[in-house]
Each structure stands twice: as C-alpha cells, then as structure tokens.
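The values are calculated or read from the model by the stated rules, or taken from the named source; none is laboratory data. Being a predicted model, the structure only gives us computed values, none of them experimental. Here the Cβ is made from the backbone with ideal geometry for all residues, glycine too, and neighbour counts use every protein chain on show. The accessibility values were calculated without ligands, DNA or RNA, using every heavy atom of the protein model including side chains. Shrake-Rupley method; radii C 1.70, N 1.55, O 1.52, S 1.80 Å.
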Amino acid sequence: MANRFFEVNKISFTDDELPDEGFGHNRALHLIVKCEGQYVKRVMVDGGSSVYVCPLSTLQSMKINADRIRPSNVRIRAFDGSARDTIGEINLTMMIGHVDFDIVFQVVDMQTSYNFLLGRPWIHTARTVPSTLHQMLKFKHDM
C-alpha cells in the first residue's frame, strides 16, 4: 500500500522531456512569465539563491514607476561573490503558469543575464520541482 501511495504522489522527469540537444546543454533554467500585465523573458529559476532579484533596467524597460521602490537594508551576494547593497524592494505580481504570485523583489542596479531571479523561497512556496537538465518546472498541483 505504501509503495502505491508513493507511485501516485511523485514528480518525475523522463528522457522524452529532454530538450532537443539532450544531455549536451549547460543552460540555466529560464521562464517566460506575465508580470504586471506584461510578458517577460529570461526569468531565471535559481535554487541556489535565497532572495528574489530584479535589475533596475527591467523595471525601466517595463515602464514601472521607480516611486514604487521602498527602502530596504538588504545586502546580496552576486554570483562572483561580491556583496552589493540593493536600491530597495518592490512588490510585483507575476503569473507563472496559471497562478499569480505576489513577490517582493530586491532591486539592484547592475548588469545581469536575467530580467528577474526567482530563488528557493519561490520554488518552495510554489511547491514546484525545477529541472535545469529538462529545462522545465513541474508543479505539485499538476499531479
């Protein structure tokens, strides 16, 4: 009985779900999301990050008023290990899949390879399992 329970309530990935190049890629996991009514590419899911990050340039390109940024005393570590102060924080609503998430992003004024970074807290809140190998997310509620 226990084995049947675990078989029914599992998330798995198969080789059929691999991208065309198979195991031969080294890409980060990026999504396309709807944020504040606009579609945004290059939203990176990073299980190694404990914060949500939004570059100031993303807000500017989306024409989101900088007055919405609130002061914050958060200091983050960049990928290169350097510590950086944030400009502040901003609340944004993102639709990922069919679910809206209200997320507090730390705003940084630096060049990044992403438009938004979603870290471990979102992965856990959304109850999702990311696979960089398969370039996809699977949600617990999709079972």
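For the reader, a short list of remarks on this structure follows.
- Taken together, the residues in the range 39-61 that are at pLDDT 95 or above and loosely packed, with under 12 Cβ neighbours inside 10 Å amount to 3.
- Subset of the range 112-132 that is assigned to a helix (DSSP H, G or I) and touching a residue at least 60 places away in the same chain (Cβ under 8 Å) - its residue that is surrounded by the most Cβ atoms within 10 Å (Cβ to Cβ): W122
- Check on I76, among the aliphatic types (A, V, I, L, M), open to solvent by 50 Å² or more (accessible area, probe 1.4 Å) and within 19 Å of the chain's Cα centre (by Cα): no
- All positions within the range 22-56 that are part of a helix (DSSP H, G or I) and either touching a residue at least 24 places away in the same chain (Cβ under 8 Å) or in contact with a helix residue (DSSP H, G or I) (Cβ under 6 Å, 6 or more places away or on another chain) (or both): F23, L56
To keep it simple, each residue is scored yes or no on (1) on the phi < 0 side of the Ramachandran plot; (2) at pLDDT below 95; (3) part of a loop (DSSP other than H, G, I, E, B).
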{"site": "R4", "(1), (2), (3)": "yes, yes, no"}
{"site": "K63", "(1), (2), (3)": "no, no, yes"}
{"site": "E89", "(1), (2), (3)": "yes, no, no"}
{"site": "D102", "(1), (2), (3)": "yes, no, no"}
